[in-house]
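Computed from the coordinates by the stated procedures, all read-outs in this text should not be read as laboratory data. None of the values given here were measured: they were computed from a predicted structure. As a convention, Cβ positions derive from the backbone with ideal geometry for all residues, glycine included, and neighbour counts pool all protein chains shown.
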Amino acid sequence: MKPTFHHKPVNNEFEDPSLFVRMVRERRAFLFDSGRIDRLETGDLLKITDVFVTHTHIDHFIGFDTLLRTFLRRAAPLRVYGPENIADCVEGKLKGYTWNLIHEYPIRIEVFGLTPREVRHASFYAENGFGRIDRDSRPFDGIALRETPYTVRAAVLSHGIPCLGFSLEEDFHINIDKAALNDMGLPVGPWLGVLKKMVRGSAAPDSTLRVDGRNFLFSELSSLARISSGQKVSYITDVSPEEANIEKIVGLVTDSDTLYCEAYFLHEDMERAVERHHLTAKIAGEIARKAGVRNLSLIHFSPKYMDRVEEIKAEAMREYTG
Ligand SMILES: [Zn+2]
Ligand SMILES: [Zn+2]
């Protein structure tokens, strides 16, 4: 199955957490957490349309300035999703600079604060000097972003403060049956993208599609599209090692193709993990096993383990594979 999106952490396990997700067939990307991201090339940064922030501790949010700097002249809006105080944090960042010369700039920032009950929306536009505009809130139904073919779900977790966990899911995956295509004598081409869009949009059977100079009914072509379950990637970090959190995380990340999960402490330091509101490697493995994820990728290690990386990985994998 060809992936719909590629994902990779921006930094190593001891550096700031940030996950860059690039949509393969679009000039578009998502960013999960915004720690230091200066390693990303400008071309990649400019693809980012949506940023999902778990919480605003400095190692997860300092990169917002890089985004701001890069996007000032970009016409496409930037959407930021985060915990309940995210609009205050964005406002604070924006207030840290002087904006008397940017009224002509196109950039618009839409901010969504997710609480257990509602999504609070605030806007900040260059055209009015980034003054805050509070919008109506909507009920929170577990979904941060829903935009065919993607859904980003969020869970409000605890890290001493509210902290969000995220999963990014493709509705379903469409593969073109190349053998059937050959049998029909039809060429590969951009029309297959149109066909996929029609499948996703449940087009009417009698709608038409032009291929190779001929008109076809959608119903004649729809069987070329083979549907399977979509890609799913989840991102969990900075969470207290509590049963209530673990249960919510397992629900959110179930069946992920890849789970990125913090392994901040070794389990021998569980007391410290409780005090500092972080997961241990063993708990990361337990979550991955219970949730049936296919691939566990560990992130965000405490610097105290700089020379014990293999132990962290081994502890998580032991628990994960049983
Ligand atoms: Zn952190
Ligand atoms: Zn934190």
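Quick look at the values:
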read-out	value
Percentage relative contact order, the chain, counting C-alpha pairs under 8 Å, at least six apart	12
Per DSSP, loop GluC sites (Glu not before Pro) in region 262-308 with at most 10 further Cβ within 10 Å	none
Antiparallel %, DSSP beta bridges [both residues in the chain], to 5	70
Folded to 0 to 90 degrees: helix 281-290 orientation relative to the chain principal axis, Cα	30
Most positive-pole-ward Cα, Ile102, Ser18, Phe32, against dipole of the chain from beta carbon charges	Ile102
Cα gyration tensor shape of the chain, rounded if a/c is under 1.5, else prolate or oblate by comparing a/b with b/c	oblate
Filtered GluC sites (Glu not before Pro), region 1-67: DSSP coil and at most 14 other beta carbons within 10 Å	Glu26, Glu41
Residue with peak Gaussian network fluctuation, the chain [Cα springs, cutoff 10 Å], from Leu195, Leu19, Leu46	Leu195
Cβ-based exposure ranking for Ile174, Ile86, Ile283, in which fewest neighbours within 10 Å come first	Ile174, Ile86, Ile283
Cα centroid separation - region 107-141 against region 50-70, whole Å	16
Reachable lysines from Lys304, criterion Cα separation under 20 angstrom, eight or more residues apart if same chain	Lys282, Lys313
At most 15 other Cβ within 10 Å, DSSP loop - trypsin sites (Lys or Arg not before Pro), region 24-111	Arg25, Arg27, Arg39, Arg73
Size of electric dipole in the chain: Cβ of Lys, Arg +1 and of Asp, Glu -1, about Cα centre, debye, nearest 20	1120
Region 173-243 - percent relative contact order, Cα under 8 Å, separation 6 or more	41
Per-residue [θ]222 nm for the chain (sum of -39500 (n - 2.57) over DSSP H runs n ≥ 4, rounded to 500)	-7000 deg cm²/dmol
Among Leu266, Ala291, Ala87 - extreme Cα towards positive end, dipole of the chain, charges at beta-carbon	Ala87
Check: region 48-169 dipole with +1 on Lys, Arg Cβ and -1 on Asp, Glu Cβ, in debye	140
Pairs beyond 30 Å (Cα-Cα), from Lys196/Lys248; Lys8/Lys290; Lys197/Lys248; Lys47/Lys196	Lys196/Lys248; Lys197/Lys248
